[in-house]
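The values are calculated or read from the model by the stated rules, or taken from the named source; none is laboratory data. Every value quoted in this text rests on a predicted model; they were computed, and no experiment measured them. Quick reminder, even Gly has a Cβ in these numbers, built from the backbone with ideal geometry, and neighbours come from all protein chains shown.
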Amino acid sequence: MKKLRVGIIGTGMAFEKLHYPAFRELADKYEIVALCDVDRFKAESWAARLGIETRNVYDDYRVMINRTDIDLFDIMVPIEENFEVTRTVAAVAGKPIICEKPLASNLEEAGAHVELPRRYGVPVMIAENYRYNEEIDRIRDLVRSKKVGEILYFIQNRVVNFPEDMLKDKFPAREWRQYPDYYGGVLLDTGVHDMAALRHIFGAVDLIQAFGRRQEKDYSPYSVVTVNMRFKSGVIGTFSFFTAGKEMQRPLTGLRIFGTGGMIYLEERDCGFINLMHNDGTHELIPYRPQRGFYNELLNFYNAAMGRETIAVTPEMEFGDVKMIFDILKSINSETMVCVDREAGYNPVYHPGRQVDREMHPYPM
């Protein structure tokens, strides 16, 4: 089996907690051969841990991408750098790219990011793990197979205690997240996951109307955001995002989807079971493996490289998720409804080992 040689750009928390464990699990398919970080000491520490010689450690990615013995680059940098670093790698290296979400810090750069695969002829995958998570895939399939009849509406409540998490070994502890150089702060950084999941389940979005409770905090302009949504399928629902507190009740509100024949309920993404309640009083527990998105996205990328699948989450798809966040902010500021997707678009179908329902050629290497 061919191993793909990987150059890592950014050896911070995303690499440590998300990508590296997945690379390690897929060690028969990937080999990390070079590391780059502006903090060279951090990159060298990882090199020692991985048994990589110091000559393969860099503090300037623009030097590393000139190497011809690297098959792909995995980019994990602060959000405001995503587009520029990806564009440079695509233009100079001309090699396949994995880029962390969101694909850019503003809508203009996000639109330009969409053009990179066509402009430079390189495949780009956006590491939006929620679109690869097992529970999201299974809920989508339950909705489309009408396991609880026609879907009428949903409610979702997402709670992130950012102020408390800043003091822990979690992503909010990073200074660039506490004082972001991108509008929306934690709403763009974290809320984009929820938009990706909802769009993965229900498809294209017609209209939204959003409201926000303003706060004077750098990490987010709003402590709470609520959004009324209407999807092109006719499904309506409400999404709430609380950035600065806790939900003390159990079970959590979570994601609740109501159909003519019952209800689908996911308390939280790590609970391991999807609840399926039918109107006749019967109940099913559908198990899934939590936090498999990071593994599944790398498996999808490898299979695309081998010509067996297509990349499931492209910059084009992620653009829709990011635009959703900026449309929410636009709706709050203008106090109006905002039209989101002009067309119904395509509905991605992803399962490891199965071809993606998308008119896009694989990128064999």
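A few notes on this one:
- Meets criteria (free of Cβ contacts under 8 Å to residues at least 24 places away in the same chain, hydrophobic (A, V, I, L, M, F, W, C) and within 21 Å of residue 303 (Cβ to Cβ)) for residue 48: no
- Residue tally, condition crowded, with 20+ Cβ neighbours inside 10 Å and closer than 23 Å to residue 226 by Cα, over segment 144-158: 4
- If you filter segment 159-185 down to residues that are surrounded by fewer than 18 Cβ atoms within 10 Å (Cβ to Cβ) and hydroxyl-bearing (Ser, Thr, Tyr), you find that the one that is nearest to residue 11 (Cα to Cα) is 179.
- Filter result (more than 22 Å from the chain's Cα centre (by Cα) and in contact (Cβ under 8 Å) with a residue 24 or more places away in the chain) within segment 2-28: 2, 3, 4, 5, 28
- Applying a threshold of 6 Å to beta carbon distances and a minimum spacing of six or more residues, or different chains, the list of pairs starting in segment 248-266 at a residue that is on the phi > 0 side of the Ramachandran plot and without any contact (Cβ under 8 Å) to a residue 40 or more places away in the chain and ending at one that is among the basic types (Lys, Arg) and surrounded by 15 or more Cβ atoms within 10 Å (Cβ to Cβ) is empty.
- Residue 204 touching a residue at least 24 places away in the same chain (Cβ under 8 Å), within 24 Å of residue 328 (Cβ to Cβ) and buried (at least 18 other Cβ atoms within 10 Å of the Cβ): no
- Residue that is farthest from the chain's Cα centre (by Cα), among those in segment 115-130 that are outside any helix (DSSP H, G or I) and farther than 22 Å from residue 198 by Cβ: 121
Residue-wise test of (1) assigned by TED's automatic domain parsing to the domain that holds residue 262; (2) over 17 Å from residue 241 (Cβ atoms); (3) not in a helix (DSSP H, G or I).
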| residue | (1), (2), (3) |
| --- | --- |
| 113 | no, yes, no |
| 141 | yes, yes, no |
| 167 | yes, yes, yes |
| 172 | yes, no, no |
| 176 | yes, yes, no |
| 183 | yes, no, yes |
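- Total residues in segment 5-31, condition among the aliphatic types (A, V, I, L, M) and in contact with a Lys or Arg (Cβ under 8 Å, 6 or more places away or on another chain): 1
- Applying the set (1) within 30 Å of residue 183 (Cα to Cα); (2) out of contact with any Asp or Glu (no Cβ under 8 Å at 6 or more places or on another chain); (3) crowded, with 19+ Cβ neighbours inside 10 Å; (4) not assigned by TED's automatic domain parsing to the domain that holds residue 144 to residue 340 leaves exactly one unmet item: (2).
- Yes/no for residue 229 being of a type outside the set (D, E, K, R), more than 23 Å from the chain's Cα centre (by Cα) and at pLDDT 95 or above: no
- Restricting the first member to segment 215-233 and to residues that are surrounded by fewer than 23 Cβ atoms within 10 Å (Cβ to Cβ), and the second to residues that are part of a strand (DSSP E or B) and aromatic (Phe, Trp, Tyr), the beta-carbon pairs closer than 6 Å and six or more apart or on different chains are 224/242; 226/211.
- The residue that is nearest to residue 115 (Cα to Cα), counting only those in segment 311-351 that are of a type in the set (Ser, Thr, Tyr) and modelled with pLDDT of 95 or more, is 314.
- Scanning segment 134-188 for residues that are over 18 Å from the mean Cα position of the chain (by Cα) and among the aliphatic types (A, V, I, L, M) yields a total of 9.
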